[in-house]
Each structure stands twice: as structure tokens, then as C-alpha cells.
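Inspection log for the structure reproduced underneath, given as C-alpha cells.
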Amino acid sequence: MRHTIELSTLKYPSVWCERLLWMAVLLALAVRIAGFMVLPSSKLDSMSQGYIRAAATLASGHGMLMSTKDSFGRESDVIDVMKQRQMAGGRVDSQHPYPTRTTGWIPSTLHPAGYSYLLYLFYRIGNYNGMLLLMRFLQAGLDAMVCLLIFLFARNVFDRRIGLWAAWVYAVLPPVIVQSTCFMPDSLNCFLMALVLWLSSYAHVGRNWVLLLAGFAVGLASNFRPEFLLLPGAVFLILWVDQRRFWVPIAWTTGMVATMLLMLVPWMMWTHSATGKALIASTGAGVTMYEALGETPNNPWNVVLGDGWVDEDARKRGFTTAWSVEANSFYRGLFRECVAEHPGYYAKTVLFYRLPLALVPPYVVERSAESKREFNFTDMREKEGLTHWGVVRKYPFTVLRYMWCEVLMAALSAAFFVNFVGLILVRWRYYRQLVWLVLPWAYTVSSICLTAPVYPRYVVAILVVQTVALAMTIVLLSDRRRKAMSIGA
């Protein structure tokens with residue numbers, strides 16, 4: 001006897017009976033594991049090393065720390081230290097700490113703690129090599145599970161067939177396969193967005209209480225990426241439009257926020273004990289917003305886009321580092337002053353330099369070290385004082401030669417965007433369903449464009465809803481063709 005569950009007025013088979021779905025999940029897992037084994041690996045960049053450094057200080061018993069220019073032992077590469085301890089048959093611990101002294105080191109509040117704690121857990125299990133391998137398998141597994149989550153989300157809001165098509169499209173989607181191999185919490189963005197949308201979608205079929213679980217999911221996501229913190233606001237707007245009621249969504253969204261905050265209590269308690277101030281978000285937001293004003297050369301604020309520049313500016317102002325709690329508050333206020341001083345220029349930066357990249361992200365493909373030595377896009381931009389578009393305009397054929405994979409990814413993004421907009425225009429009468437796609441997409445794009453330079457890994461979560469939109473188009477075209485054939489017969 002087949003088990004069934006009731007959604008709204010429809011009955012669907014139990015998810016365990018969906019063979020096509022589980023085939024998509026297995027395919028996705030196989031492709032992602034093959035991806036991180038086949039794609040060229042390069043030396044972990046400074047951001048990835050920052051998470052590993054925090055994991056090493058945790059393993060040393062120092063707590064989660066980050067270095068400054070005054071830090072003792074800062075010149076010692078954490079990866080070299082961890083590899084040496086592994087070769088010696090041990091690991092970094094309280095008897096063999098990193099750093100040996102914590103002079104000049106401060107609490108690591110630049111990023112949420114989730115990813116560093118995962119690395120620390122895997123380091124305790126498998127040492128340095130095991131840590132990397134376990135993290136990559138976890139990322140591959142979670143991204144493969146997005147096929148399941150996206151199916152359940154689409155089934156709840158739209159239709160089972162749309163869910164199945166979405167699962168299969170996501171399973172073989174090149175941008176998310178590439179993204180799942182990066183050694184940063186951004187690799188989890190699609191999984192975390194899909195998790196929140198899946199749980200929230202049960203409100204569409206009359207199970208508002210599941211929003212409390214969705215709040216836990218938002219809290220979990222915020223422990224990896226701070227951009228998820230305001231997502232309950234988007235969920236409220238979705239429910240308001242979908243349910244055509246105001247106070248009931250207000251009540252359940254309030255409960256959602258409460259459960260989200262419960263998930264953030266450990267972070268808030270630790271930041272209060274370490275810095276004297278309970279933080280909900282990380283201390284990277286304020287300085288990132290200010291630094292991003294330098295995205296265009298010759299800007300009226302004379303800001304330069306570069307971590308080195310802003311850190312040096314912070315030290316001149318008397319801060320230990322730009323990423324401290326005090327500096328974050330200062331630069332947040334300075335950002336507001338700068339925008340108020342030249343609002344038109346800020347709007348131009350957002351609309352003409354950031355928004356196009358957010359609408360059509362050129363999802364990054366890892367290039368070989370030799371290729372990077374021959375042409376480094378970021379170095380070229382900083383050396384010649386150009387914008388991203390300035391480099392493309394000045395060196396179009398060079399960019400095409402060395403970054404043709406990114407160009408193909410941008411073309412794929414353009415196709416997804418055109419389909420997304422076209423679907424909205426064609427199916428606008430079904431706005432109560434489409435709002436489940438439009439608002440998460442708009443939230444992700446706007447939250448990044450208003451606060452930071454647009455890097456594709458920041459906005460990759462839009463592929464969750466864009467994949468569902470493509471699946472809807474496929475189903476609609478299939479039904480139209482089947483109808484035409486039946487009429488012709």
C-alpha cells in the first residue's frame with residue numbers, strides 16, 4: 001500500500017516513493033564529488049585561511065581568534081603549521097598551540113562562527129587532510145540534498161511535476177556544482193536558502209506552525225552567512241500576499257524571529273563575553289559597506305576598494321584593525337554619512353555597477369595558477385584603477401581568452417534571468433504563488449547590492465528560485481505541446 005500525504009486539496013505519494021527524485025539526488029551527489037576531485041585545486045585564499053586560522057585557535061584552547069598586524073606569530077602560515085604537526089604524528093592542540101602567544105590577537109568576530117566550528121570539529125576527527133576532505137564531502141552532500149528540498153518546496157507551492165523538474169535541473173546545474181567546491185560558507189548558501197523556503201512553504205498549505213521551524217533554519221543560516229538575518233521580513237511579505245491577511249502572518253513571523261534568535265544565543269553570549277557587546281551579526285558589515293564605496297575609481301569619498309587599504313585607514317584612526325567591534329560601528333556610521341553626502345553617486349554605483357552583476361552573475365570557475373599569473377582580473381583592476389566593467393571594456397579579448405568559462409556562466413545566468421522575468425510577465429495572474437519566487441530573489445539581490453560589491457558567491461542562492469522558475473517553464477511548454485498534439489489528432 002502506497003503511503004500518501006495530503007497537501008491542500010491534493011494527495012501526493014510519500015517522498016520516499018519518489019524514485020525519480022532520489023535518482024536526481026544521487027546524480028547530484030556523484031557529480032559534486034566528481035567536481036571537487038576533477039576541478040583544479042589551488043592554494044586556499046586568504047578568506048579560506050581565515051576560517052582555518054580560527055579553527056586552529058579553537059583547537060589550541062585560545063578560543064576563536066583573528067590576527068591583526070600587531071599579532072605575535074602572524075608570519076607563521078597556519079596551513080604549514082597544521083601540515084607539520086600532521087607529519088609529526090600530532091596536531092595543533094594546547095601543548096602545540098597556534099599561535100604560541102596570543103599577543104595582538106583579538107576575538108574573531110569578522111565572520112559568523114558556524115563554518116570555523118565545523119572545521120574545528122572535522123580537524124579533531126581527521127587532522128588537517130581529514131578536515132579538508134570531510135568538509136568537501138559535507139558540502140557536496142548538503143548541496144545534493146537541495147534537490148530534495150527544492151522538490152518539496154515546489155510541490156508545496158506549485159506542483160509535483162514542477163518539483164521533479166526543478167530537482168533534476170538543479171542536480172546538473174554547473175554554477176552550483178562549482179560553488180559547492182569552494183572552501184567557504186558561501187558553498188552552503190543554496191542549501192540554507194532551500195531549507196528556509198521549504199519549511200516556510202508549509203504555510204502555503206495551511207501549516208503556519210512550521211514557520212517556527214523555519215525560524216530555527218534562518219538562525220542556523222545566520223550562523224554561516226549574516227545576509228540571512230532579515231529573511232523573515234521577506235517571508236512575512238510572502239505570507240501577506242499569499243494568505244491575504246496581515247495579523248496572522250505578523251504573529252507567526254514574530255514567532256519565526258523568536259526561534260531565529262534562540263539559534264543565535266550562543267553567538268551573542270560568546271561575543272558579549274569576548275568583546276563586551278552582544279552581537280547578532282558579525283563585525284564585517286560596517287567596514288564592508290564603507291569599503292564598497294570605493295568600487296568606482298575617483299569616487300567623491302576617495303575610498304579605495306581593498307581590505308589592505310581600509311585596514312590601514314582604520315589603524316590611522318586609532319583602531320587595532322578594521323574588523324574590530326569598535327571599527328565596525330565607526331565605519332557603519334561613516335558609510336551613512338557618505339551616502340547622505342552624495343546619494344546620487346551611491347545610487348549610480350548600486351544601479352550601474354552592482355545590479356547588473358547581481359542579475360547576471362558570472363559564477364566563478366577556478367582557474368589554474370599559471371592562468372592566474374598570466375592574467376589576474378582583480379590585480380588588473382586595482383593596478384589600473386578600473387571598475388569591473390572598465391577592465392572588460394579595455395581588455396575584452398584578453399578577458400574572453402582567460403575567462404571564457406566565466407563568460408559562459410554569465411550567458412547561463414542571462415538565460416535564467418530572462419526566463420525568470422518572462423515567467424513573471426506571462427503568469428502574473430498567479431501572483432500568490434509567484435511571490436514565493438520573486439521575493440526571495442529580490443531580497444537576495446537587493447541586500448547584497450545595497451551593502452557590498454557583488455561577487456557571484458554572494459548571490460548564488462537566487463538559483464534556488466530561478467531553478468523552480470525554469471522547471472515551471474518546462475512544464476508549461478510541455479503541457480502546451482501535449483494539448484496542441486491532442487487537438488491536432
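The values are calculated or read from the model by the stated rules, or taken from the named source; none is laboratory data. Just so it is clear, the model here is predicted, and its values are computed rather than measured. Neighbour counts run over all protein chains shown; Cβ positions are idealised from the backbone, glycine included.
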Within region 303-339, can you find the residues that are free of Cβ contacts under 8 Å to residues at least 60 places away in the same chain, outside any helix (DSSP H, G or I) and surrounded by fewer than 18 Cβ atoms within 10 Å (Cβ to Cβ)? ARG317, GLY318
Given (1) free of Cβ contacts under 8 Å to residues at least 60 places away in the same chain; (2) under 19 Å from TYR363 (Cα atoms); (3) small (Gly, Ala, Ser), SER486 misses just (2)
Sole exception among (1) under 18 Å from ALA221 (Cα atoms); (2) free of Cβ contacts under 8 Å to residues at least 24 places away in the same chain; (3) aliphatic (A, V, I, L, M); (4) part of a loop (DSSP other than H, G, I, E, B) for ALA278, by number: (1)
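Within the group TRP209, TRP240, which residue is among the aromatic types (Phe, Trp, Tyr), over 20 Å from the mean Cα position of the chain (by Cα) and more than 23 Å from VAL438 (Cβ to Cβ)?
Values: TRP240 fails: more than 23 Å from VAL438 (Cβ to Cβ).
Result of the check over TRP209, TRP240: TRP209.
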MET289 fails exactly one of the following numbered conditions: (1) over 22 Å from PRO185 (Cβ atoms); (2) within 23 Å of the chain's Cα centre (by Cα); (3) surrounded by 15 or more Cβ atoms within 10 Å (Cβ to Cβ). What is the number of that condition? (1)
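Take the conditions in contact (Cβ under 8 Å) with a residue 40 or more places away in the chain, out of contact with any Lys or Arg (no Cβ under 6 Å at 6 or more places or on another chain) and surrounded by fewer than 24 Cβ atoms within 10 Å (Cβ to Cβ) and apply them to ALA251. Does it pass?
On the way: in contact (Cβ under 8 Å) with a residue 40 or more places away in the chain: no; out of contact with any Lys or Arg (no Cβ under 6 Å at 6 or more places or on another chain): yes; surrounded by fewer than 24 Cβ atoms within 10 Å (Cβ to Cβ): yes.
It is false that ALA251 is in contact (Cβ under 8 Å) with a residue 40 or more places away in the chain, out of contact with any Lys or Arg (no Cβ under 6 Å at 6 or more places or on another chain) and surrounded by fewer than 24 Cβ atoms within 10 Å (Cβ to Cβ).
Evaluate the following for GLU370: is it assigned to a loop (DSSP other than H, G, I, E, B), modelled with pLDDT under 70 and not hydrophobic (A, V, I, L, M, F, W, C)? Working first, answer last.
Working: assigned to a loop (DSSP other than H, G, I, E, B): no; modelled with pLDDT under 70: yes; not hydrophobic (A, V, I, L, M, F, W, C): yes.
No: the conditions fail for GLU370.
Evaluate region 173-188: report whether one residue or more is aromatic (Phe, Trp, Tyr), in a helix (DSSP H, G or I) and in contact (Cβ under 8 Å) with a residue 12 or more places away in the chain.
Applying the first criterion (aromatic (Phe, Trp, Tyr)) to region 173-188 yields 183.
Narrowing further to those that are in a helix (DSSP H, G or I): none.
Checking region 173-188: not a single residue is aromatic (Phe, Trp, Tyr), in a helix (DSSP H, G or I) and in contact (Cβ under 8 Å) with a residue 12 or more places away in the chain.
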Evaluate the following for MET64: is it among the hydrophobic types (A, V, I, L, M, F, W, C) and within 27 Å of MET37 (Cβ to Cβ)? no
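Taking the stated definitions as given, is GLY35 touching a residue at least 60 places away in the same chain (Cβ under 8 Å), out of contact with any Leu (no Cβ under 6 Å at 6 or more places or on another chain), surrounded by fewer than 21 Cβ atoms within 10 Å (Cβ to Cβ) and under 22 Å from HIS272 (Cα atoms)?
Details: touching a residue at least 60 places away in the same chain (Cβ under 8 Å): yes; out of contact with any Leu (no Cβ under 6 Å at 6 or more places or on another chain): yes; surrounded by fewer than 21 Cβ atoms within 10 Å (Cβ to Cβ): yes; under 22 Å from HIS272 (Cα atoms): no.
For GLY35, the condition - touching a residue at least 60 places away in the same chain (Cβ under 8 Å), out of contact with any Leu (no Cβ under 6 Å at 6 or more places or on another chain), surrounded by fewer than 21 Cβ atoms within 10 Å (Cβ to Cβ) and under 22 Å from HIS272 (Cα atoms) - is not met.
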Inspect region 445-461 for any residue being within 23 Å of ALA24 (Cβ to Cβ) and either surrounded by fewer than 19 Cβ atoms within 10 Å (Cβ to Cβ) or touching a helix residue (DSSP H, G or I) at 6+ places or on another chain (Cβ under 7 Å) (or both) and give the result as yes or no. yes
